[in-house]
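Written below as structure tokens is the structure these notes are about.
The values are calculated or read from the model by the stated rules, or taken from the named source; none is laboratory data. It should be emphasised that the depicted structure is a prediction, and the values quoted were computed from it without experimental measurement. Note: ideal-geometry Cβ built from the backbone for every residue, glycine included; neighbour counts use all protein chains shown.
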Amino acid sequence: MAAKTLTIDGKPITAEEGATVLQAADEAGIKIPTLCHLDGVYDVGACRLCLVEVTGVAKLLPACTTRVAEGMEVKTDSERLRKYRRITLELLFAERNHVCAVCVANGHCELQTLAYSQGMDHVRYEYLFPKWGVDTTHRLFGMDHNRCVLCTRCVRVCWHVEGAGTKNVAGRGTRSHIITDLAMPWGESDSCTQCGKCVQACPTGALFHKGSTTGEMERDRGKLEFIVTAREKKQWVTAD
Amino acid sequence: MQLDDLNAIAEKEKAAAKKICLRTCMSAGCMSSRADVIKKNLDAEVKAQGMEAEVEVRRVGCMGFCGQGPLVGVDHDDGREELFEFVKPEDAPAIVSSLKGGPCDVHRGDPKHPFFAKQVKIVRANGGIVDPESIEDYIAVGGYQALHQALTELKPAEVVEAITKSGLRGRGGAGYPTGLKWGTVAKSAGNKKYVVCNGDEGDPGAFMDRSVLESDPHLVLEGMAIAAYAVGADQGFLYVRAEYPLAISRLQIAIKQAKQLGLLGGGIFETPFIFNVDIRIGAGAFVCGEETALMASVEGKRGTPRPRPPFPAESGLWGCPTLINNVETFANIAPIIANGAEWYASFGTEKSKGTKVFALTGKITNNGLIEVPMGIPLRQIVEEMGGGAPDGRQIKSVQTGGPSGGCIPAQHLDTPVDYESLTKLGSIMGSGGMVVMDDTTNMVEIAKFYMEFCMDESCGKCIPCRAGTVQMHNLLDKILKRKATARDLAKLEELCDMVKNTSLCGLGQTAPNPTLSTLRFFRNEYEQLLQPDKFGPRGNGEPKKASVAA
Ligand SMILES: Cc1cc2nc3c(=O)[nH]c(=O)nc-3n(C[C@H](O)[C@H](O)[C@H](O)COP(=O)(O)O)c2cc1C
Ligand code: SF4
Ligand code: SF4
Ligand code: SF4
Ligand code: FES
């Protein structure tokens, strides 16, 4: 494959044709904030945290779905991008009920980490305090809709890594929510293979192993990477 | 089917014409006031009064003057035209006897009214004239001649060139040059390609596409077939929203008729060209009008947009190159091929060619559908054709472009209606909704109405649109309830900027437009509602702790 040369934040970079800006930046050690991206499954460009500026393009582009091009000049950091990222995070915290102090993911949560790293120290928007429930009908796992950011990482691993097709999105707008099968309790799902990949994929405290208590829910992404590497590269090795 | 057969059908149809034609509008608007019963009664009355030999009662599509409906038009063989308005089923005997000079006090309209006289009809030329359920009627007015011409006289590239030269731009909202889009699909590699007609029309107050589909379905089918020939597709999909049952049933009839005559299917006009069309029915989501969401929906998936590129022209339905155009865009194609690109380009302005159909609604005397040449001053539309605001009120603003558009204030009524001028004023051409507001309208309420629409219709995929529209809506609500301060207004403006620049698809990217445009022209209406800020301004928008304690 042909190589493309471009600059990211002024740094000259060579990337494989077809690679995304996110991959190219990652290889060059430049960190772009992401939330809906998950290594191993296709990208959907939904969270908009990875938006970057590209010289000559009026619109901001999501790094996770934008392919590198010859001579591209990418800027991953600016006053404006930082402002937009902070607002995005504030909107998420105001949208559902995030009470970190009593959350299973406290300390291991990508949303929380993003908020710290982006300097989001308070939320200026009205908290919506929606009424969402917790589904604890599954034998092994639980789903707390109050913590869900609708990144659809669980849906994508369920369909495209496990191939079970249990998880889906229902509803529109801010009433969107994750469902299992035809919106039935998770414990009654026929298609769920109990593999737990969705739980591994979830960036927040929305999906958890039963029995985890506050701050205990840690993920082992290595498992997912193992499967994806095995499938794509036919190598049965763990990522590191 | 050969050209001779087509001409024979046309001749036969013309020869069967009777002396007087009673055109009864049977489009959704008039149907809701029992136009079907009116037609039945007229039929019975013509029979009862023994006038079957000279009078035809014809089901026709929309005549445009929907606010005055149900409408019955009368064509005499000497060229005289009459129009009956607000017709009731029991008016049938009087209308029929009036044809013999009998007394008739049914409300008469003026067929020469500026509402009609100022129109230039290309897309709606057959609306209210032909029977939308009769392919012979369509053929009698020259239907399917353009398809024949394209297939037998022009190479696909020449069709694309003609469309490019005509200057036609997409009528679905964004105004992308149609010829350019066709050229991209034609050049895209792949032996399977699709043509999709976008009939999702979800803007509040818009009914142009519905009317075209209900009044002249064959015009759209013919346009799609010519497009398919030009880009090398053999399958088309007509995506129509489920809220348009009459349009769907007329399209089904039209497709069946065209297949029977060999105008759809294999070997059209005895050429190797194959084209089939299927209907797909939307399930009520506004976002499914967005092209990538629409294609996901056609594929049977959840209708949510995806990032572009890849554009549908390269990778659309099932990964194949796909041409997607709006109903009105397709309706322009046959007239362009039949009359030539130069003819079409003679209407309109330098960068906006042809005509545009608008649904004129709101606080306006004459409601309905109009087709006007691009570049016509807005004032002519609302004052001369529309008759101004009713009840002696003043027009305050005209909203175009629906939830993606903006409000043009009365001081700009002399603006020509073309893509660039409307954009300059912070609105857009949009798909053709035109809502007139009078001086009783509260512009902040209007902004909130459109924001609520976007909030409800957001697909929920990306965060700025899903969560941002809720917050913007709540801030507008707070302003209206006189509970907001200048800081809230600043927050609203910041969110407008953020949602516009970061959302994934056009819905989110344009959702702030009605708010931004009302802020631009009617800022004082917002400011009047603001409360003094008890806490004093502080950059981060938080109350000063000290003053809370004080
Ligand atoms: C939220 C949203 C809704 C849309 N709804 C429609 C619609 O109802 N009808 C339509 O033709 N185009 C609609 N569009 C525009 C389409 O995405 C697309 O641009 C258009 O169908 C292309 O056709 P054209 O080039 O003929 O205009 C919509 C776009 C967005 C972002
Ligand atoms: S999911 Fe993350 S951000 Fe939300 S409450 Fe839990 S730890 Fe906090
Ligand atoms: S449950 Fe977790 S992985 Fe699934 S959409 Fe919600 S936050 Fe994302
Ligand atoms: S902008 Fe709105 S409608 Fe479009 S993808 Fe995002 S959430 Fe969905
Ligand atoms: S990581 Fe790119 S949009 Fe979410």
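Here's the yes/no breakdown for (1) at positive phi; (2) touching a Ser or Thr at 6+ places or on another chain (Cβ under 6 Å); (3) charged (D, E, K, R); (4) assigned by TED's automatic domain parsing to the domain that holds B:Leu168:
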| position | (1), (2), (3), (4) |
| --- | --- |
| B:Glu350 | no, no, yes, no |
| B:Ile370 | no, no, no, no |
| B:Met374 | no, yes, no, no |
| B:Val382 | no, no, no, no |
| note | Counting only helices (runs of 4 or more DSSP H) entirely within region B:498-538, those with at least 2 residues that are within 16 Å of ligand 4 (Cβ to nearest atom) and within 27 Å of B:Cys288 (Cα to Cα) are B:506-510, B:513-521
| query | Taking the condition acidic (Asp, Glu) and at positive phi, does B:Asp391 pass? | reply | yes
| field | Enumeration of residues in region B:281-297 that are among the β-branched types (Val, Ile, Thr) and either within 24 Å of B:Gln252 (Cβ to Cβ) or outside the structural domain of B:Gly319 (by TED's automatic domain parsing) (or both) | value | B:Ile281
| query | Would you say A:Val104 is without any contact (Cβ under 8 Å) to a residue 60 or more places away in the chain and away from chain B (no Cβ under 14 Å)? | reply | no
| Residue check, B:Thr152 surrounded by fewer than 24 Cβ atoms within 10 Å (Cβ to Cβ), more than 14 Å from chain A (Cβ to nearest Cβ), closer than 30 Å to B:Gly426 by Cβ and more than 13 Å from ligand 1 (Cβ to nearest atom) | no
| remark: Log entry, pairs with first residue in region B:321-347 being over 20 Å from B:Tyr244 (Cβ atoms) and more than 14 Å from every other protein chain (Cβ to nearest Cβ), second being within 16 Å of ligand 5 (Cβ to nearest atom) and assigned to a loop (DSSP other than H, G, I, E, B), beta carbons closer than 9 Å, six or more apart or on different chains, reads none
| task | Please verify whether region B:116-125 includes one or more residues that are assigned to a loop (DSSP other than H, G, I, E, B), surrounded by fewer than 21 Cβ atoms within 10 Å (Cβ to Cβ) and over 21 Å from the mean Cα position of the chain (by Cα). | result | no
| Selection status of B:Ile428, within 30 Å of B:Pro307 (Cα to Cα) and within 16 Å of ligand 5 (Cβ to nearest atom) | no
| request: From (1) farther than 24 Å from B:Gly508 by Cα; (2) basic (Lys, Arg); (3) within 13 Å of ligand 3 (Cβ to nearest atom), pick out the condition that doesn't hold for A:Arg153. | output: (1)
| Can you tell me which residue in region A:190-219 is farthest from A:Gln112 (Cα to Cα), limited to those that are within 16 Å of ligand 2 (Cβ to nearest atom) and part of a helix (DSSP H, G or I)? | A:Cys198
| Going through region B:1-16 one residue at a time, which ones are hydrophobic (A, V, I, L, M, F, W, C) and touching a residue at least 40 places away in the same chain (Cβ under 8 Å)? | B:Met1, B:Leu3, B:Leu6, B:Ile9, B:Ala10
| request: State the number of residues belonging to region B:434-448 that are outside any helix (DSSP H, G or I) and acidic (Asp, Glu). | output: 2
| query | Somewhere in region A:170-189, is a residue at pLDDT below 95, surrounded by 14 or more Cβ atoms within 10 Å (Cβ to Cβ) and either in a helix (DSSP H, G or I) or under 19 Å from the mean Cα position of the chain (by Cα) (or both)? | reply | no
| said: Regarding region A:131-142, can at least one residue be identified that is more than 16 Å from the chain's Cα centre (by Cα), within 16 Å of ligand 1 (Cβ to nearest atom) and of a type in the set (Lys, Arg)? | reply: no
| remark: Only one of (1) within 21 Å of the chain's Cα centre (by Cα); (2) polar (S, T, N, Q); (3) more than 30 Å from A:Leu81 (Cβ to Cβ) does not apply to A:Thr113, and that is (3)
| When region B:68-88 is examined, which residues are found to be surrounded by fewer than 16 Cβ atoms within 10 Å (Cβ to Cβ) and either in contact (Cβ under 8 Å) with a residue 24 or more places away in the chain or assigned by TED's automatic domain parsing to the domain that holds B:Ser215 (or both)? | B:His76, B:Asp77, B:Glu81, B:Lys88
| task | Run A:Lys59 past the list (1) buried (at least 22 other Cβ atoms within 10 Å of the Cβ); (2) within 16 Å of ligand 1 (Cβ to nearest atom) and report the number of the one that doesn't hold. | result | (1)
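Condition check ((1) in contact with a Leu (Cβ under 8 Å, 6 or more places away or on another chain); (2) on the phi > 0 side of the Ramachandran plot; (3) modelled with pLDDT under 95; (4) surrounded by fewer than 23 Cβ atoms within 10 Å (Cβ to Cβ)) across all residues:
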{"residue": "B:Ala338", "(1), (2), (3), (4)": "no, no, no, yes"}
{"residue": "B:Phe347", "(1), (2), (3), (4)": "no, no, no, yes"}
{"residue": "B:Val357", "(1), (2), (3), (4)": "yes, no, no, no"}
{"residue": "B:Ile364", "(1), (2), (3), (4)": "no, no, no, no"}
| field | Hits in region B:287-315 - residues which are within 11 Å of another protein chain (Cβ to nearest Cβ) and more than 12 Å from ligand 4 (Cβ to nearest atom) | value | B:Lys301, B:Pro309, B:Pro310
| field | Residue list for region B:484-532, filter: in contact with a strand residue (DSSP E or B) (Cβ under 9 Å, 6 or more places away or on another chain) and within 16 Å of ligand 1 (Cβ to nearest atom) | value | B:Asn501, B:Thr502, B:Leu504, B:Asn513, B:Pro514
| task | Scan B:Met451, B:Met472 and give me the residue that is more than 16 Å from ligand 1 (Cβ to nearest atom) and either on the phi < 0 side of the Ramachandran plot or in a helix (DSSP H, G or I) (or both). | result | B:Met472
| query | Which residues, taken from region A:133-160, are within 14 Å of another protein chain (Cβ to nearest Cβ), within 25 Å of A:Ala101 (Cβ to Cβ) and assigned to a loop (DSSP other than H, G, I, E, B)? | reply | A:Cys148, A:Val149, A:Leu150, A:Cys151
| Of all residues in region A:18-62, how many are within 14 Å of ligand 5 (Cβ to nearest atom), of a type in the set (S, T, N, Q) and more than 19 Å from A:Lys233 (Cβ to Cβ)? | 1
